Amino acid sequence: MPHKKIFFLILFFTVMRLVVAPSFGLGVDEAHYVLYGHFLDLSYVDHPPLVGWTQALFAHLFGESVFWARVPAILLMMLISWESYRFLLFSKATESQALWGVTALNSSFMFGAIGLMLLPENFLLALVFPIIMSVLRIEADGKTTDYIWLGIWLGLAGLSKYTAVILLPPLLLYILSKRRFDLLINPRILLSAIIGFILILPVIFWNASHQWVSFAYQSSHVAGSTVIAFKPFIRSLAAQFGAYNPFLFIIAIYGIIVSFRSKNSAIILALWIGLSIELFFILTSFLKPVLPHWPALFYLLFIPIGTVALLSRGGKYGSIARGSILISLLLSLLIHAELSAKWGDFPDYKSPFRDIYGFDTQIRDGVTLLNALPTPKKALAVTNWSYGSRLHYYALPYGIKTFVLDNYNRQFALWEKESPIGYDLILLHSHFSDIPDSLQCEETQTLKKEDILLNGRKVDTVEYLWCKNYQGIGQTKVTATQ
């Protein structure tokens, strides 16, 4: 069977992820995108709709569960691994080198997470290789079908993530660098543009009816400041160094260095794309810290390219590559085992499970307290947007009202459809969040306080505060009564 080894390699990582998938709760962003599937729309405040449409499809076909919410991410990582393997072979890597490149990719901590949690990035990562191959085929043959496919891939990228627009300048620069000016004046490039535009029409229509809120949100979310500072850049770089694995981070940097000397068209195009992505996020990181998964496309391309480059040099360089990848693989396996077995003994409030453990319990206990309140107009609420998606998701089976008392992400207000003013609220107050001093309630009362325990250690402590007749966030300091 051709490509038998890559089949079994992908199968190994896939089975590992399927085993781990149901063993921990949804994270902050992950729960948010699952909610997209429950509130189907043409688009959303913070992202285009493809991730939500996918979650809705899987929930409709297979039912609601953490496992099925993660299956799309696992399937996409299978596809990404196969695409990476084929790309490396196309760029003249040997089968053995390509296998090591895919192993390195799957051994990265961040790609381990991306392989389990469905984010908008997953789709963009899966689309970059078809985009590269379409451009290379257009350069070689210029068939109409290749222009059509390029439009489809770019349109789907636009339905995945707003930063997909960053792919357009490097494609143009690649064509200019190859002096293929004829491709830019070819009428069929207009066909690609029309197809791509038609596919992103849902995003345009939705934003036109919502005061273009997504574009304002993205501007503030990515830039976030007008003050240039060195500290957020260092924090962003350090986060990437750890998140992608220090060994593989260095291999990726080596990969981009050697790509500057490459004469291979596939590597040159990957260089234009990867460099544009990384430079964009480097520049924005001087304004606001960049989350490590945002530049994932750069590492998707250059961890495997760097691996192949080291192996091609042979000798000690090949040994360094193999040793780094094997150590990374071992660490990745240990992390997946910990996610499943949870045998680690972490100090109180220092658990890595803080964001993915115990929220179902918190909501269940909050609902019990809510049902006991004597007032008819009542709801559960949180005061920090980062808890909002999990509040909404885990409250879905109970059919209760929920509110997020935080205006950072306007998406929650669109889903909630009404104001919490006048409601009796039970506020879920985590050890890691604050209740605003200016929260205005007729009276507040602590109903319950409980520790979220794992292996006898405190992952979190949750206080359930009854805010009677909530009147917004003003200037009055909250005083709780027992």
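Taking Ser192, is it polar (S, T, N, Q), buried (at least 18 other Cβ atoms within 10 Å of the Cβ), assigned to a helix (DSSP H, G or I) and at negative phi?
yes
What number of residues in the range 448-472 are over 14 Å from Arg364 (Cα atoms) and buried (at least 20 other Cβ atoms within 10 Å of the Cβ)?
6
Filter the range 317-331 for residues that are polar (S, T, N, Q) and either open to solvent by less than 10 Å² (accessible area, probe 1.4 Å) or touching a residue at least 12 places away in the same chain (Cβ under 8 Å) (or both) and give the result.
Residues satisfying the conditions are Ser324, Ser328.
Ala21 fails exactly one of the following numbered conditions: (1) over 21 Å from Arg410 (Cβ atoms); (2) modelled with pLDDT of 95 or more; (3) surrounded by fewer than 21 Cβ atoms within 10 Å (Cβ to Cβ). What is the number of that condition?
The number of the failed condition is (3).
Table: residues versus (1) under 18 Å from the mean Cα position of the chain (by Cα); (2) in a helix (DSSP H, G or I); (3) farther than 17 Å from Asn106 by Cβ.
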{"site": "Leu269", "(1), (2), (3)": "no, yes, yes"}
{"site": "Leu279", "(1), (2), (3)": "no, yes, yes"}
{"site": "Lys288", "(1), (2), (3)": "yes, no, yes"}
{"site": "Phe302", "(1), (2), (3)": "no, yes, no"}
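Give Leu61, Leu50, Leu89 a once-over and let me know the one that is under 30 Å from Gln218 (Cα atoms), open to solvent by 10 Å² or more (accessible area, probe 1.4 Å) and hydrophobic (A, V, I, L, M, F, W, C).
Leu50
Test Phe432 against the stated conditions and say whether it is in a loop (DSSP other than H, G, I, E, B), of a type in the set (Phe, Trp, Tyr) and modelled with pLDDT under 95.
Yes; evaluated as a whole, the condition is true for this residue.
Is it true that some residue in the range 166-187 is assigned to a loop (DSSP other than H, G, I, E, B), under 24 Å from the mean Cα position of the chain (by Cα) and either at pLDDT 95 or above or not acidic (Asp, Glu) (or both)?
No, every residue in the range 166-187 fails to be assigned to a loop (DSSP other than H, G, I, E, B), under 24 Å from the mean Cα position of the chain (by Cα) and either at pLDDT 95 or above or not acidic (Asp, Glu) (or both).
Any chance you could count how many residues in the range 111-129 are farther than 28 Å from Leu150 by Cβ and open to solvent by 10 Å² or more (accessible area, probe 1.4 Å)?
2
When only residues in the range 343-365 that are hydrophobic (A, V, I, L, M, F, W, C) and surrounded by fewer than 17 Cβ atoms within 10 Å (Cβ to Cβ) count, which is farthest from Ser389 (Cα to Cα)?
Trp343
Can you pull out every residue in the range 366-388 that is assigned to a helix (DSSP H, G or I), open to solvent by less than 20 Å² (accessible area, probe 1.4 Å) and modelled with pLDDT of 95 or more?
Within the range 366-388, Gly366, Val367, Leu370 meet the criteria.
Which members of the range 287-313 meet the condition of being small (Gly, Ala, Ser), buried (at least 19 other Cβ atoms within 10 Å of the Cβ) and more than 17 Å from Pro246 (Cβ to Cβ)?
Selection gives Ala309 alone.
Tell me which residues, restricted to the range 207-217, are surrounded by 16 or more Cβ atoms within 10 Å (Cβ to Cβ) and among the polar types (S, T, N, Q).
Asn207, Ser214
Looking at this structure, is Ala93 in contact with a Phe, Trp or Tyr (Cβ under 8 Å, 6 or more places away or on another chain) and modelled with pLDDT of 95 or more?
Against the criterion (in contact with a Phe, Trp or Tyr (Cβ under 8 Å, 6 or more places away or on another chain) and modelled with pLDDT of 95 or more), Ala93 does not qualify.
The values are calculated or read from the model by the stated rules, or taken from the named source; none is laboratory data. No experiment lies behind these values; they were computed from the predicted model shown. Glycine gets a Cβ as well: all are built from the backbone with ideal geometry, and neighbour counts include every protein chain shown. Side chains are part of the model used for accessible areas, which takes the heavy atoms of the whole protein and leaves out ligands, DNA and RNA. Shrake-Rupley method; radii C 1.70, N 1.55, O 1.52, S 1.80 Å.
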